[in-house]
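So the structure is just underneath, and the comments pick up after that.
Read-outs: derived from the displayed coordinates by stated rules, not from any lab. Remember, it's a predicted structure, so these values are computed and weren't measured experimentally. For neighbour counting, all protein chains shown are included, and Cβ atoms are generated from backbone atoms with ideal geometry for every residue, glycine included.
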Amino acid sequence: MIGTARTHRMADGIRVPGTWRHAFIRNGDYHLTDLFIYADGLIDCWGLVTLEEFEEKLRCGWVATELPEGARASGHELASWKFSEPYTWLTPELLLAEVRDTIEQLNGRPDSTDRCLAAVDAFLADRTEERRAAARAAYLAIPETQRHYALGDMDRKDGPLQVLVLGPGGHTEDWPDDAITQEEYDEAVAYFEDRAKWIAEQPSRAPADGPATPVAPAIHLYQSYPLKPSDDPGTKALRNDYPAPVDVDGTTYLSVAHAYWALSTADPDARAAITEADSSFEAKKLAAEAGRRDGWEQARLAVMTRLLRAKYTQHPALAEVLLATDDATLVYDDVDSAFWGDSSGRGRNWTGRLLELIRSELHAERRG
């Protein structure tokens, strides 16, 4: 089940959230490792597999839930040992159910616990045996290892839940020999009624400052070398090499890329040649031959920020293209720079981040 551990992987420039848990892989000996579970339903168990393929890995014992006496095991570059009187509480079915729940949680969808509590609410609203049976089935669908946590009550655990879905005369897991009395059942009903009041009285948990993650899907700004403006450029207009002239201190550059490379060198002749270059590709080539000016590494972020502000201030139509991206993460493709580009998830994506900053400034200015 999902805990506080968080990770991600990059797929086609998109950040896919995930989490991990410990597991044993049986590859000859048993290896203690981490099982990575991602929101798109892929699981990394020494290789990315689908949920269906993961189920097969469980069935064949590649992901091990049984640890035989005397079997050799190791933790990578940490230790090795043999099992002595091993005890495990997971089965392939239980681990698969927990992984399914984790994927639901990563996507913000109801998991087995949420579905059970919804069935309980339906039963309390209309206390028929048919609805009790549905609530009981939903309770049993929660992985056994997670049922104690269903109510978030570490004192009573899932006791009231068991009593409610079993009803008078039923037998709980903890007291299989004693039938549930009417008094115990009434106490369970009262527990859930009090719980409903408490939940209703809780203040909204929505962040006061708005969501922490984008609402709009991420947008990948693929590498391109446009040579002339377009009436409908789409997100290509957000590329720094898009031909949108920018005026900086009285000098007009054919694009943000031209301006960036011209300002990066202290050689006035090289700067003039870069400014007049036919394409951003040629401008970069000329800049590479000229070399960078002193302190460029420390100044380049500020320079690029100023150039992007100039572009979208001086070209209102392009500002509309940027504003139309809503709050999407902008993933900038730059095959030559892991600083400015995303570089398949390994880069710093500073161009994308600065575009998001300029977009926010445009929104703020528009709203006064």
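Under the rule a/c < 1.5 gives rounded, and otherwise a/b versus b/c splits prolate from oblate, where does the stretch 125-185 land using the Cα gyration tensor?
oblate
Using the scaling law 2.2 N^0.38 Å as the reference, what is the normalised Cα Rg of the stretch 48-190?
Dividing the Cα Rg of the stretch 48-190 by 2.2 N^0.38 Å gives 1.31.
With +1 on the Cβ of every Lys and Arg and -1 on the Cβ of every Asp and Glu, and nothing else charged, how large is the dipole of the chain about its Cα centre, in debye rounded to the nearest 20?
Result for the chain is approximately 1440 debye, rounded to the nearest 20.
So what J values fall out for the stretch 222-232 if you push phi through Karplus, 6.51 cos²θ - 1.76 cosθ + 1.60 with θ = phi - 60°, rounded to Hz, Gly and Pro as x?
Values per residue, Gly and Pro as x: 5, 4, 7, 10, x, 9, 8, x, 10, 5, 9 Hz.
Want the number for Ala71 to Leu227: 0.36 nm per residue separation, take away the alpha-carbon distance, what's left?
49.6 nm
Roughly what would the spin-label model give for Met10 and Asp40, points 7 Å off Cα along C-beta, in nm?
1.3 nm
Starting from the Cα-Cα distance between Arg59 and Ile199, subtract it from 0.36 nm times their residue separation and give me the gain in nm to one decimal.
My answer for the length gained is 46.3 nm.
Which of Phe36, Phe281 has the fewest other C-beta atoms within 10 Å, and how do the rest follow up to the most?
Ranking Phe36, Phe281 by Cβ neighbours within 10 Å, fewest first, gives Phe281, Phe36.
For the stretch 219-366, state the average projected area of the convex hull of the C-alpha atoms over all orientations, rounded to one decimal in nm².
So the mean shadow area of the Cα hull is 8.5 nm².
Work out, in µm²/s and without decimals, the Stokes-Einstein translational diffusion coefficient of the stretch 299-354 at 4 °C, 1.567 mPa s, Rh from Kirkwood over C-alpha pairs.
108 µm²/s
Out of every Cα-Cα pair in the stretch 1-79, what percent are more than 17 Å apart?
In whole percent, the long-distance tail amounts to 49.
Bin by bin, in steps of 10 Å, what percent of the Cα pairs in the stretch 160-277 do you find, going until the bin that has the longest distance?
Values per bin, smallest distances first: 11, 20, 13, 11, 9, 8, 11, 12, 7, 1.
Check cross-link reach from Lys228 to the aspartates and glutamates: straight Cα distance under 13 Å, and skip same-chain residues fewer than eight apart.
List returned: Asp241, Asp278.
Could you tally the net charge around Asp334, taking each other residue with its Cβ under 15 Å from the Cβ of Asp334, Lys/Arg +1 and Asp/Glu -1?
So the environment of Asp334 carries a net charge of +3.
Rank the residues Lys228, Lys284, Lys236, Lys82 as a footprinting-exposure proxy: fewest other Cβ atoms within 10 Å of their Cβ go first.
Fewest-to-most Cβ neighbours within 10 Å comes out as Lys228, Lys82, Lys236, Lys284.
Take Ile219, Ile37 and order them by how many other Cβ atoms sit within 10 Å, fewest up front.
Starting with the residue having the fewest Cβ neighbours, the order is Ile219, Ile37.
Suppose every Lys and Arg Cβ carries +1 and every Asp and Glu Cβ carries -1, with no other charges. What dipole size does the stretch 260-351 come out with about its Cα centre, to the nearest 20 debye?
Dipole size: approximately 300 debye.
Return one quarter of the surface area of the convex hull spanned by the alpha-carbon atoms of the stretch 38-105, equal to its mean projected area, in nm².
Result: 5.4 nm².
List, largest first, the extents of the alpha carbons of the chain along their principal axes, each in whole Å.
Dimensions of the chain along the principal axes of its Cα atoms: 93, 56, 33 Å.
Magnitude of the Cβ-charge dipole of the stretch 7-106, K/R +1 and D/E -1, about the Cα centre, nearest 20 debye?
Dipole magnitude for the stretch 7-106 comes out near 260 debye.
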